[in-house]
Amino acid sequence: MIDTSLFPYQNFPYRLQFGEKKDITVCWFECEEHLQKYLTRYKLDKRTINIDYREDRKSTCLNSSH
């Protein structure tokens with residue numbers, strides 16, 4: 001059973017959470033490549049972020065040239 005509170009969007013199996021207690025940001029991504037681009041673009045420290053993914057994830061990206 002998929003936890004819909006963590007993954008409310010069926011086509012976005014990757015979840016990123018970061019920030020302080022009162023200022024938490026949550027983002028969902030359709031593929032791992034998009035997640036990695038976001039981490040690189042905003043220079044997020046991997047020690048201060050939390051990445052979750054659904055077990056049934058599969059690449060749903062339509063654009064093969066990320």
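For this structure, a couple of remarks:
- The string of couplings for segment 37-52 from the Karplus curve (6.51, -1.76, 1.60, θ = phi - 60°) is 4, 5, 4, 5, 4, 9, 6, 7, 7, 5, 7, 10, 10, 10, 10, 10 Hz, one whole number per residue in order, with x for Gly and Pro.
- Applying a 4.7 Å cutoff between beta carbons, the unpaired cysteines of the chain are CYS27.
- Rounded to the nearest 10 Å², the accessible area of PHE12 at probe 1.4 Å: 80 Å²
- Size of charge dipole - the chain - debye, nearest 20, with Cβ of Lys, Arg +1 and Asp, Glu -1, no other charges: 240 debye
- The calculated 222 nm mean residue ellipticity attributable to helices in the chain amounts to -4500 deg cm²/dmol, summing -39500 (n - 2.57) over DSSP H runs of n ≥ 4 and dividing by all residues.
- Accessible-area value, LYS46, 1.4 Å probe, nucleic acids and ligands omitted, Å²: 140 Å²
- Environment charge of ARG57, counting only residues whose C-beta is closer than 12 Å and scoring Lys/Arg +1, Asp/Glu -1: -2
- The listed residues CYS61, CYS31 rank as CYS61, CYS31 when sorted by accessible area, largest first, using a 1.4 Å probe.
- Extension reserve of the ASP45-ASN11 stretch, reckoned as 0.36 nm per residue once the Cα distance is removed: 9.7 nm
The values are calculated or read from the model by the stated rules, or taken from the named source; none is laboratory data. All figures in this text were calculated on a predicted structure; none of them were measured in a lab. All Cβ positions, glycine included, derive from the backbone under ideal geometry; neighbour counts span all protein chains shown. Only protein heavy atoms, including side chains, enter the accessible area calculation; ligands, DNA and RNA are left aside. Shrake-Rupley method; radii C 1.70, N 1.55, O 1.52, S 1.80 Å.
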